[in-house]
1. Under a Cβ-only charge scheme (Lys and Arg +1, Asp and Glu -1), can you give me the dipole magnitude of the protein assembly as shown about the Cα centre, in debye to the nearest 20?
2. Please get the size of the charge dipole for chain B, origin at its Cα centre, with Cβ charges of +1 on Lys and Arg and -1 on Asp and Glu, quoted in debye to the nearest 20.
3. Please give the Cα centre distance for segment A:1-70 versus segment A:84-136, rounded to the nearest Å.
4. Nearest 5 percent is fine: what portion of the DSSP beta bridges confined to the protein assembly as shown is antiparallel?
5. For B:Lys150, list the lysines whose Cα falls under 26 Å from its own Cα; do not include residues on the same chain fewer than 8 positions away.
6. Share of Cα-Cα pairs in segment A:90-158 beyond 15 Å, in percent?
7. Rounded, prolate or oblate for segment B:50-166? Axes are the square roots of the Cα gyration tensor eigenvalues, ordered a ≥ b ≥ c, and the cut-off for rounded is a/c under 1.5.
8. Using just the helices of chain A, give the 222 nm mean residue ellipticity in deg cm²/dmol: DSSP H runs with n ≥ 4 each add -39,500 (n - 2.57), and the total is spread over all residues, rounded to 500.
Amino acid sequence: MTAPEDYDLLVNGTEHHVVGAWIGESLLYVLRERLGLPGAKNACEQGECGSCSVMVDDRLVCSCLVLAASAVGTAITTVESLAPDGALSDVQQAFVDAGAVQCGFCTPGLVMAVEDLLARDAAPTELEVREAISGNLCRCTGYGRVIDAVRVAVRRRTGAEVA
Amino acid sequence: MTVLLPDSLDRACAQLADHPEAHVLAGGTDLMVEVNFGHRRPEAVLSLARVPELKGWGRDGDTLVLGAGVTYTELCDPAIAELAPALAQAARTVGSPQIRNAGTIGGNLGTGSPAGDTLPVLAALDATVELVSVTGRRTLPLAEYCIGPKRTARDATEIIASVSVPVARGPQEYLKVGPRNAMVISVAGLAAVADIEGRRVAVGLGSVGPVPLRAPEAEAWVVDRIDWSAGRLVDPADATEFGSLVAAAARPIDDHRATADYRRHCVSVLARRALTRMFAA
C-alpha cells in the first residue's frame with residue numbers, strides 16, 4: 001500500500017487522525033505539533049539527545065528518527081501515558097525526590113529510558129543503568145542525581161539496591 | 001513525497017521496481033536525520049517496517065543467516081552473540097539503546113558508510129549479502145558489495161534481504177575508538193576473528209579506508225605465531241608486531257574526526273589488544 005496523506009496513529013491507546021500533514025514528518029513533530037502531545041521534547045532531531053524518547057511497539061526509540069507515516073499500525077506510548085490523571089509514576093516521583101529534575105527538558109526522555117530499563121530488568125547494576133541512559137543527554141545534573149533516582153525507584157519497587 | 005509500506009518482500013520488490021527512485025527506509029537512523037535537516041527530500045520512501053521476511057534469523061548448519069531487519073539490539077541477544085560474538089560486540093558499540101532498537105544490520109549495509117560498525121566484522125567473516133528484486137536473487141561477497149564510501153553494488157531496484165556469516169569457529173573481538181562509550185561514530189574500528197580448526201585469523205578494519213579493509217599480510221604473518229592447540233600466542237610480545245602489520249594495511253584520511261596518523265596508531269593498538277585478548281588466556 002501507499003500511505004495516504006491522512007493516516008491514523010495509535011498513541012497511548014487512543015486512535016488519532018493525522019490530517020493535512022507533510023508525509024515526511026517525523027513522529028516527534030506529529031506528536032508535538034499535530035496531536036497536542038508535547039511531552040516528548042525536540043532538541044537535536046538526529047537521535048543524539050534522547051529527549052524525544054517514546055515506545056513504539058514496546059521498543060524505546062527516538063521519535064525524531066521515526067517516519068510518522070511508517071508508524072501506522074504500531075502502538076505508540078509517550079511520557080503522557082505515565083501520569084494520565086496527573087499523579088506521577090513511581091519513576092517520575094523518584095526523579096523529583098532525588099533532585100534529578102533541574103531544567104526538566106531531558107526528564108521525559110530519561111524517564112522513558114528508565115521505565116524501559118526497569119521493565120526489562122527490575123534490579124539493574126549501576127553499569128546497566130549507565131548504559132541504559134547513555135542515549136539521553138542532560139546538561140544540568142551531571143547524571144549523578146539521575147542515577148540516584150534510579151536507585152530510589154528500584155529500592156521502592158523491589159527493596160533491592162543497585163549494585 | 002510518497003511513502004510506500006509493503007507488507008511482504010514480494011510486494012516490496014514490486015513497488016521498488018515501479019519506484020526505483022524510492023529511498024529504502026530500514027531503521028531510519030540515517031535517513032531521518034537527513035530529512036529532518038532538509039538535506040534530503042526523497043520523492044518516495046519505501047519503508048521496510050512491515051516486511052516480515054526481513055525480521056528473522058536462523059542457523060543453517062555452520063552458517064548464521066541474519067535477516068536485513070535484525071536490529072543491533074537483537075544482535076546483542078545471547079542467542080545470536082554466541083554464534084557471532086564480534087558482531088554482537090560491534091552492535092553494542094552502536095549509538096544508544098534507542099538507536100540499537102531502531103537500526104538494523106541491513107540498514108548498516110544499505111548506507112555503506114566506511115564507519116558502519118558491523119562492516120569490518122562482516123569483512124573479517126567473509127560475509128555474503130543477499131539482494132532480491134523482481135528479477136531474482138543474487139548473493140555478493142562483502143568485498144564486492146562495498147565499492148566506495150557510502151557506495152554499494154546494490155541496484156536501485158534491489159532490497160537487501162539477508163547477510164550470512166559462518167558460525168564462530170574460535171575467539172572473536174570487535175574494538176573501536178571514539179570520544180566516548182556511546183553515541184559515537186568510529187574514529188577507527190577493528191574486528192578480529194579466529195578459526196581454530198582452520199588455523200587462521202582474519203582482520204577487518206573500519207573508518208580507515210573508503211570501504212572495510214582486510215589485513216592480508218598481518219593475517220598470514222600471525223598464523224605461525226600462535227600455538228593453535230593451546231590457543232595462545234607463542235610469544236605475547238608478537239602482538240605488537242601484529243599491530244604494526246595491521247596498521248600498515250590501513251588507508252586512513254585526515255578529517256574532522258581524526259587525523260590519518262592517529263587512526264593508524266589506533267589500528268595498531270586495537271589489533272595488538274584484540275590479538276592479546278583472543279590468544280593470551
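None of the figures in this text is laboratory data; all of them are computed from the coordinates on show. For clarity, every value in this text was computed on a predicted model and none was experimentally measured. In this analysis, Cβ positions are derived from the backbone assuming ideal geometry, glycine residues included, and neighbour counts consider all displayed protein chains.
1. Numbers: 40 positive and 54 negative charges, 203 e Å.
Using only the charged Cβ atoms, the result is roughly 980 debye.
2. So the magnitude is around 580 debye.
3. 21 Å
4. Numbers: 53 of 62 bridges.
Counting only bridges with both partners in the protein assembly as shown, antiparallel ones make up about 85 percent.
5. B:Lys150 reaches B:Lys55, B:Lys176.
6. Values: 964 of 2346 pairs.
Percentage above 15 Å: 41.
7. Details: a/c = 1.39, a/b = 1.26, b/c = 1.10.
It comes out rounded by the Cα gyration axes.
8. Numbers: 4 runs with 45 residues, N = 163.
Calculated from helices alone, the mean residue ellipticity at 222 nm is -8500 deg cm²/dmol.
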